[in-house]
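Worksheet: the structure to be examined is printed underneath.
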Amino acid sequence: MKYSVQVKIKDGVLDPEMETLQRLLRRSGVKGIRQLTHTQQFVLEFDDQVDATEAERVARTVAGDVLANPEIHDWTLDVL
Amino acid sequence: MSDPALRIAIIDFHGTLCERDCAAAFGQAAHVETMLVSSEKDSFSGPVHAIVVPGGFSYGDYIRPGAMARTAPITRALYAAADAGTPIIGICNGFQILCEIRLLPGVLLKNRDGRFICRETGLRVQSRRSPFLAGVKPDVLRVPIAHKYGQYYCSAETLAELQANDQIALCYCDDEGQISDAANPNGSVGHIAGVTNKAGNVLGMMPHPERRAMPWHAGKDGNWMIESVCA
Amino acid sequence: MNILIDQILNQRQKDTLLAGLGRDPTPAEVAMVSAMWSEHCGYTHSRHFLKTLPREGEHVLAGPGENAGIIRLHDQLAVAFKIESHNHPSAVVPYQGAATGVGGILRDIFTMGSEPIALMNSLHFDIRDHRGKWIAEHVVDGIADYGNCTGIPTVGGEYSSYPWYVDNPLVNVVCAGLLKPEQVLKASTAQVGDRVLYFGNKTGRDGIAGAIFASLNLTEATREQKSAVQVGDPFMGKLIMQATLELIRAGVPSAMQDMGAAGITCSTSEIAHNSGLGITVELDAVPVRAPGITAEEILLSESQERMLATVPPDRLAQAEEILNRYPLDYAWIGVIEETPDMVVRFQNETVASAPLDLLIDGCPVEDYADLTDDVLRAGKERASDLSGIAGTGRPLLGGKPSTNPEPPTLSALLEVYAETSHYASARHIYEQFDYEINQRTLGGPGDDHTLMYDAASERTVAFTLHSRSPWTLQHAYRGTRAVLAAAWRRSIAAGAYPLGLSNCLNYPSADRRETMIDFGGTTLAMKEFCEALGIPVTGGNVSFYNESEVGAIAPTPVFVLVGDSVLGPDRYRYAGAEGQLYLLGTPDLTAGDVYALWRLRQDGTLSGATVPTVDFAQEHQVGQALLDLYRAYPGAFAMRDVGKGGVFKRILEQFARADRDVVLNDDLPAALPDVLLGEGPCTYLLFVPDATTLEWPAALQAAGIRPLGRVTAGDGKLLAPAVELDLLKYRARADKSLEPHWIDQLELAP
């Protein structure tokens, strides 16, 4: 089983790196970008012995506890 | 040990940097015994009077500062100690860790201007519920910060809760003790430099009291907090 | 890579290799030789001059040839220190280039068994355009991230911006560590039968041919060679530092060497050769992270955070027991042999087998017998003619000469002072460094002196870092003498008789005779300085080929002095007292760098600028007398050397307060611009608070110490005959820090 966890900063939380990048792009003549966000993707690949239910449970725990911090992040889980 | 020494546990994760500074600063009084506890242990092997989670770059700040600490065995012992009312302080990366393992509300984001800042800051003591602050006499301390991820952030609801429960322990201020945007080095919400849990026994703060504590330091304001918890 | 080898192995090197082996070399042997015989590892151009430098002394515990120099400060404490350049990587990939520079210099220090206590840096850019600012910001970020994450404070440094660094920024990093004198571990003490231990990160393809890369001029082609730049991992750096120090404290290794330039090739061959022995290396045992990696790539890889040690057979289990506690890779990759050969095996074949004498000492070196001391002392005069030097020859601002009168007025000079980034507060740089961690910093960035405190011995170590490219550009020999004297004065002001000198010599292409005349002039000046003052050279680093299509850098030797300081936690710190200012020496405006900058802005030359002529015996006499004064009146007065920015900079930094005036006397020793902005031999500024009564030693009276003025109640002015300056205004401009110079204004705009 292979899961993808996508972690992104919640709307309204400042992401200084993306703000800076957007300013730099604007300065270099790139126009029309309303918003620039950044998503981290983690791929969790499980051993063959682990069944799908268990794999999804573990993936959700790791995503919610370590990969994302619910205070600032939204995350989604997808089967690959 | 047969003597009545106060045992203070100092937790050492891979990548922790300030464990020896904290041991030196907290261990100054004759009746205090500090011990380094590896994060690979799942207990403190005996009673402890207080716990320090020092600064540094645990696990290289990979994923997010403090995030990997959740996987360390010592975390279970920290939860138990927090429940039992043991005084716990997280300094800098220690604060980030306590937030990431959800012993404290909120999270520490990258500084407002994106850069590491090493600078002495003014700290206004807003609440003395933490045993590390109960004995602090002055209202303003001068203690340095040294971090890249020190911008305290929490949702508006959490902030209201913190205020209602008297959990905001320390705020950044200027030399005169005034809290202002100009005195806020990293953009923290509510100018917050330190918060406690609801019970008050767990404190997290970005500034480093152990860097204003030794006999050869020009400023010694950090000693107020050390003496407070060791009294 | 084959192209690079052809570029590096010249006919003479090929002939030497063939004659030495008596057969055709294998590809692995060519790879090893190409790295070991590059300027970076083999000192092919510099060895002729470097071998003349004094390196012995009663305080020297380890000297050149080891990973770092070690000086005994007193019975309980020794200091390991070294400076190294990371110029070329930083020009191409500034963040990683600078970060790996810090990682490398840290490993040099803890490899010797010493615990790193301080990092410093000497940074030189041309920040006039966007690219320059970009390089500067990322270099600082890289240094900060690596140093901060390893927990070693970055406590001092120097910064300049001159046009000759336009394509070739200089990034020199310094590390110092403390150890007990009996704890020194060298790279020359391996025994026959010792096993060879590899630990740290895995070996990958990053940094292949890095040592060769550092020996080439930067061209568009080399800028594309980004694979030669390594990626640093400070978390691993911190772990291997802990593991190394634990291994050494447990007495496990017999010798230790870090893997820096030319990676496994250099570290394995040197540890065996320096021990007078041979080595067999099994490349199959090396932990690798790139599938299909070849023997040559493993031999030359400069993957970061890797260490090499030799361990006696009865200590192997103990080594493994310690290393198992850290999340890092380790492997036994060879054995120390009696026969002084380097044998390399890979996939059941011997891929290289060469005498170590050939590999290391066989390197053909250039001979410069015709560059006699007389030739070097005459040197090349450059002041009005800076042809070939990057970024010069036209006015720095606006492109056309200004209408300033000559000689310049005080106000024109102060305008230069306030507008250039040189005298701005460096807070924007140093606040990105954690300079207080480990609780040792007595004097950090922004303080008068760089002082680190050792609580166990209750002693202070003083560090001095100094370079002056306008002087060494005007004349390498006289300029270097002046830089060394200025560094000496900084060390004296920090309370320390220097006990050792380390150096980083940054020069243009070694293939040009002019460069080698400059280089030889610098080493001759160093020899004279060291002999006159009894200070040994404990190590150093040479960086040639700092030039590009637009021209060469100014020759820039950077010096580090270390000493046992008489200053302690109770040293005098100015807190608003009234008192008397004294000046020692006679400053000359044209010798100061404010004048040099004014002239560069005027017409892009250094015409009219001078180099102070220094007498080391006289500097020694005055310096000793000042140290005696510190000892006689501890904590009672303040002293600064008069360096960059002159007396004015020191007044501004120390006495510009809303409740104080600085009132200069009527009978100044020279014209006001000279006194405020000049420099000269034996120049120091002293402040004696009214509460202190001093008796000047005869040596200082003889040297002509005289009252300069008073610090007294007032409102932030400097008052001199017919002149009134608003110190607070200048202070405010300086305090705005470097940001307006460094950061692109557009980047700041919302």
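The values are calculated or read from the model by the stated rules, or taken from the named source; none is laboratory data. These numbers come from a predicted model, not from an experiment. Note that we place each Cβ from the backbone using ideal geometry, even for glycine, and neighbour counts take in every protein chain shown. Protein only, heavy atoms only, side chains kept; ligands, DNA and RNA dropped before computing areas. Shrake-Rupley method; radii C 1.70, N 1.55, O 1.52, S 1.80 Å.
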Within segment C:34-75, residues open to solvent by 20 Å² or more (accessible area, probe 1.4 Å), aromatic (Phe, Trp, Tyr) and over 20 Å from the mean Cα position of the chain (by Cα) come out as none
- Task: Could you please let me know if C:GLY132 is in contact with a helix residue (DSSP H, G or I) (Cβ under 9 Å, 6 or more places away or on another chain), more than 24 Å from B:ALA146 (Cα to Cα) and assigned to a helix (DSSP H, G or I)?
- Result: yes
Hey, does segment C:389-412 have a residue that's of a type in the set (Val, Ile, Thr), open to solvent by less than 30 Å² (accessible area, probe 1.4 Å) and within 14 Å of another protein chain (Cβ to nearest Cβ)? no
Looking across segment C:651-695 at residues that are part of a helix (DSSP H, G or I) and open to solvent by 10 Å² or more (accessible area, probe 1.4 Å), the single one that is nearest to C:GLU158 (Cα to Cα) is C:GLU653
Filter segment C:414-428 for residues that are open to solvent by 10 Å² or more (accessible area, probe 1.4 Å) and of a type in the set (A, V, I, L, M, F, W, C); the one that is farthest from the other protein chains (Cβ to nearest Cβ) is C:ALA418
Checked segment C:578-625 for anything of a type outside the set (A, V, I, L, M), touching a strand residue (DSSP E or B) at 6+ places or on another chain (Cβ under 6 Å) and open to solvent by less than 10 Å² (accessible area, probe 1.4 Å); matches are C:GLY579, C:PRO587, C:GLY592
Looking at this structure, is C:GLY704 in contact (Cβ under 8 Å) with a residue 40 or more places away in the chain and exposed (fewer than 15 other Cβ atoms within 10 Å of the Cβ)? yes
Flagged pairs (Cβ under 7 angstrom, 6 or more apart or on separate chains; first in segment C:272-292, closer than 9 Å to C:ALA190 by Cα; second among the hydroxyl-bearing types (Ser, Thr, Tyr)) are C:ASN274/C:SER188; C:SER275/C:SER188; C:SER275/C:THR189
Scanning segment B:148-161 residue by residue, those over 13 Å from the mean Cα position of the chain (by Cα) and either on the phi > 0 side of the Ramachandran plot or within 14 Å of chain C (Cβ to nearest Cβ) (or both) turn out to be B:LYS148, B:TYR149
Counting only helices (runs of 4 or more DSSP H) entirely within segment C:259-352, those with at least 2 residues that are at pLDDT below 90 and surrounded by 20 or more Cβ atoms within 10 Å (Cβ to Cβ) are C:295-300
Scanning segment A:43-71 residue by residue, those within 10 Å of chain B (Cβ to nearest Cβ) and either more than 17 Å from B:THR71 (Cβ to Cβ) or open to solvent by less than 40 Å² (accessible area, probe 1.4 Å) (or both) turn out to be A:VAL66, A:LEU67, A:ALA68, A:ASN69, A:PRO70, A:GLU71
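Is at least one residue of segment C:478-490 of a type in the set (Ser, Thr, Tyr) and more than 18 Å from the chain's Cα centre (by Cα)?
No, there is no match, as no residue in segment C:478-490 is of a type in the set (Ser, Thr, Tyr) and more than 18 Å from the chain's Cα centre (by Cα).
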Taking segment C:88-125 and keeping only residues that are outside any strand (DSSP E or B), among the hydroxyl-bearing types (Ser, Thr, Tyr) and in contact with a Leu (Cβ under 7 Å, 6 or more places away or on another chain), one is left with C:SER114
Scanning segment A:1-17 for residues that are surrounded by fewer than 17 Cβ atoms within 10 Å (Cβ to Cβ) and basic (Lys, Arg), the one nearest to B:LEU109 (Cα to Cα) turns out to be A:LYS10
Within segment B:1-23, the count of residues that are within 14 Å of another protein chain (Cβ to nearest Cβ) and within 16 Å of the chain's Cα centre (by Cα) comes to 10
Picked from segment C:365-418 (must be within 30 Å of C:HIS48 (Cα to Cα) and among the polar types (S, T, N, Q)), the residue modelled with the highest pLDDT is C:THR372
- For B:PRO54, are the conditions met, namely being more than 11 Å from every other protein chain (Cβ to nearest Cβ) and either open to solvent by less than 40 Å² (accessible area, probe 1.4 Å) or farther than 22 Å from C:ILE437 by Cβ (or both)? no
Is it the case that some residue within segment B:16-31 is open to solvent by less than 50 Å² (accessible area, probe 1.4 Å), assigned to a loop (DSSP other than H, G, I, E, B), free of Cβ contacts under 8 Å to residues at least 60 places away in the same chain and over 28 Å from B:GLY150 (Cβ atoms)?
no
Filtering strands (runs of 3 or more DSSP E) wholly in segment B:86-204 for at least 2 residues that are in contact with a Lys or Arg (Cβ under 8 Å, 6 or more places away or on another chain) and touching a residue at least 12 places away in the same chain (Cβ under 8 Å) gives B:117-125, B:140-147, B:168-173
- For segment A:15-26, state whether one or more residues are under 22 Å from B:VAL189 (Cβ atoms) and part of a loop (DSSP other than H, G, I, E, B). yes
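Kindly indicate the residue of segment C:138-194 that is assigned to a strand (DSSP E or B), touching a His at 6+ places or on another chain (Cβ under 8 Å) and not hydrophobic (A, V, I, L, M, F, W, C) and also nearest to the other protein chains (Cβ to nearest Cβ) among those meeting that condition.
Restricting to residues being assigned to a strand (DSSP E or B), touching a His at 6+ places or on another chain (Cβ under 8 Å) and not hydrophobic (A, V, I, L, M, F, W, C), the top hit is C:TYR159.
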Residue pairs within 9 Å by beta carbon, gap of at least six or interchain, first lying in segment A:33-54 and in contact (Cβ under 8 Å) with a residue 24 or more places away in the chain and farther than 23 Å from A:ILE72 by Cα, second open to solvent by 80 Å² or more (accessible area, probe 1.4 Å) and part of a strand (DSSP E or B), listed first then second, are A:GLU45/A:LYS2; A:PHE46/A:LYS2; A:ALA52/A:VAL79
Residue hits (segment B:130-152; more than 15 Å from B:ASN111 (Cβ to Cβ), crowded, with 19+ Cβ neighbours inside 10 Å and in contact with a Ser or Thr (Cβ under 8 Å, 6 or more places away or on another chain)) are B:SER130, B:PRO131, B:PHE132, B:LEU133, B:VAL136, B:VAL143
Selection over segment C:626-650 where residues are part of a helix (DSSP H, G or I), within 19 Å of C:GLY563 (Cβ to Cβ) and open to solvent by 10 Å² or more (accessible area, probe 1.4 Å) yields a count of 4
